[in-house]
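Written out below as structure tokens is the structure these notes cover.
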Amino acid sequence: MQNTWRKAMTPLVAAIAIGAATPVLAADFGSRPYVSGPPLLEAPVGPFTLEQALAVASEIGVVTVSNTHFTGEQWEIEGRDSYGKWIEVDIDARTGEVRDVDRSIL
């Protein structure tokens, strides 16, 4: 009887121990040794990303993207708007400013 009881308690104790353990989460921000002065602010690294350019293009009206091209100076995003018409948006790769929008007339 004790052997059966011991076999039943082992998984129960293990489950309680695993459930009671709390994970330790690492901080998302970088740490640095104590240095006097203002804290470091995170600055954007590199050019305007494709994801950011796509977000700008979707605000302009691009719904379906068919082609993206990076020229080094700008992102060229081609696609269709909500009416199914062709649209091309040129976005500055450094600032994210919209340089040009071409839309299909037909």
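The values are calculated or read from the model by the stated rules, or taken from the named source; none is laboratory data. Computed from a predicted structure; not experimentally measured. No Cβ is skipped: glycine too gets one built from the backbone with ideal geometry, and neighbour counts run over all protein chains shown.
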### Query
Do we find that P11 is on the phi < 0 side of the Ramachandran plot, loosely packed, with under 11 Cβ neighbours inside 10 Å and at pLDDT 70 or above in this structure?
yes
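Has the range 41-59 got any residue that is within 15 Å of D100 (Cα to Cα), assigned to a loop (DSSP other than H, G, I, E, B), acidic (D, E) and modelled with pLDDT of 60 or more?
Taking the range 41-59 first, the residues within 15 Å of D100 (Cα to Cα) are 53-54, 56-59.
Filter once more, keeping what is assigned to a loop (DSSP other than H, G, I, E, B): none.
Scanning the range 41-59 turns up no residue that is within 15 Å of D100 (Cα to Cα), assigned to a loop (DSSP other than H, G, I, E, B), acidic (D, E) and modelled with pLDDT of 60 or more.
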## Note on the structure
Checked the range 67-101 for anything surrounded by fewer than 12 Cβ atoms within 10 Å (Cβ to Cβ) and either among the hydrophobic types (A, V, I, L, M, F, W, C) or assigned to a strand (DSSP E or B) (or both); matches are N67, H69, D100
